1. Identify the residue in region 1-29 that is at pLDDT below 80 and more than 30 Å from residue 78 (Cβ to Cβ) and, among all such residues, is surrounded by the fewest Cβ atoms within 10 Å (Cβ to Cβ).
2. State which residue is surrounded by the fewest Cβ atoms within 10 Å (Cβ to Cβ) when the search covers only region 33-64 and only residues that are in a loop (DSSP other than H, G, I, E, B) and modelled with pLDDT of 85 or more.
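The values are calculated or read from the model by the stated rules, or taken from the named source; none is laboratory data. No experiment lies behind these values; they were computed from the predicted model shown. As a convention, Cβ positions derive from the backbone with ideal geometry for all residues, glycine included, and neighbour counts pool all protein chains shown.
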């Protein structure tokens, strides 16, 4: 299986740009970050607090059920990709 290094998405124009840049030795310009910095910081803050708080709130049995369901979903995805 081949890996696409530096190519994100399925836009053929971006793939062409990346291919030409690779062949000519140029670098592909990065897209500017257009997100609101305050919103990014606030979202990160909530994410940092949310994970540990959720883990603390649920009991061991429920945590095991969640992990088992995630493992089954991942196995199903890998099985589908192998076929």
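1. Here the residue is 29.
2. Going through the qualifying residues, I end up with 34.
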